[in-house]
Structure formats: C-alpha cells, structure tokens
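Novice: One structure, as structure tokens, below. Some questions next.
Readers should treat all values here as calculations from the given coordinates under stated rules, not as data from a laboratory. Because the structure is predicted, anything quoted here is derived from the model rather than measured. Here the Cβ is made from the backbone with ideal geometry for all residues, glycine too, and neighbour counts use every protein chain on show.
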C-alpha cells in the first residue's frame, strides 16, 4: 500500500514537460529508491546467449536472473514514462531500458547552459496568472519555477520573488491589491505575499458566493468582511 500511495503522489505531481526537469529528476530518484530499483538508472544487463548445444544449467540461471532484472527495469522505465506529458512519452518510449531513457533525458533537459538559463529566466519573468488557475495553483507554479531556477544556480532574493509574484497578477483585476502589497513593509518573502493573496482570493470567492441567488446556493453562507491589510 505504501508503494501505491507513493506512486499516486508522484504521478499526481507535475509531470515532465521539458521545463520541470530538476524537480522531476529528484522525485523519480526518491521513488525508485523507495522501490529498491534506483540502480536501474545507472546499470544494465545483457540477455544471455543460448549455447549451440542447447540450454545449459548456467544459461538457465543467467536467464532467470535476466528476467528478474528485466521486470524491475521495465518498472523503472514505465515509472519515468508515466510521469511525462503525452508528447514526451511518444518521443522517448523508444528507449528500451531505464538507463538509456534516463541518460537521454539528462542530456536533453539537464543542461545548465546559458541558453537554458535564459529560457527559464524569461519564462519566469513573463509568467502571468492563468485565468483557469486558482490562486493556490498559480502560486504553486511560481514556486516550482523559483525552485527550478535555484536548482541550476540562479538564486533569487526574497525581494525579487515578491516582485515577481506581484508582477504576475493582472492589473485590471488585481491592481489595487498589487498597490497595497507593494507598499506593505511586512511583505518581505514569497510565503508572506502568498499568504495575503490566498486570503484575498478566499474573500473574493466567498463574496461571489454570497451574491448568488439562494436557489443557486447549496448552503447559506454568511457575508464576511475581509480586506488586504497593511499588517
């Protein structure tokens, strides 16, 4: 049951999309270590060759060992593939062993070249709130990008993180909140600005619910008063 829950958590996390390699790389290693097959990322085994005189006792032992290894290797390989976006699965499922797949992915996405650093920095600086995302989802995406930049050696100061979060909010719907939080001297870290934004998002959601006709409400909600403070 532990392994099933661990895989469910891994599979439900962000899948490899070409931009999230650093954290994906770590999580895959944690999971394969948990399943005691981490060594399949760095080792391989050749299928034994049958003797011209037919299957010998040694051949049968080697074949049995190979089949057991192959079963575990398929598990490691399938774990990696199932934790990728569909377009990457189609591109990388041709690699027959976990070791080959792991090495190819490392070359493709594990590079810390100047080009990759610029691409990640540009993506982070231009990222804006997706209308389909909740505030919690939006902040999770930004936190993942910050971690990814840190993993390749690009450390962002607390001030840079706060300013990036505020910049990512659309002016039309979040302009006043951005102004208030920008001048709030207590907002010094990612977690502090995230906490205020989550509270504001909850307040807006409850206000919207309270404006619904009673016929559209499953439960009566009492109006609350909340505002983004300067504390």
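Novice: Sorted from largest to smallest, which semi-axis lengths in Å does the alpha carbon gyration tensor of region 2-109 give for its equivalent ellipsoid, taking the root of 5 times each eigenvalue?
Specialist: Taking √(5λ) for each Cα gyration eigenvalue gives 30, 16, 10 Å.
Novice: Grab the eigenvalues of the alpha-carbon gyration tensor for region 114-216, scale each by 5, take roots, and send me the semi-axes largest first in whole angstrom.
Specialist: 29, 16, 11
Novice: So how far apart, in nm, are the two label points at residue 160 and residue 130 if each is 7 Å from Cα heading toward Cβ?
Specialist: Going by the 7 Å Cα→Cβ label model, 2.5 nm.
Novice: Another question, if that's okay. What distance in nm separates the simple spin-label points at residue 33 and residue 60, each placed 7 Å from Cα in the Cβ direction?
Specialist: According to this spin-label approximation, the distance is 4.0 nm.
Novice: Given the convex hull of the Cα atoms of region 53-146, what is a quarter of its surface area in nm²?
Specialist: 9.6 nm²
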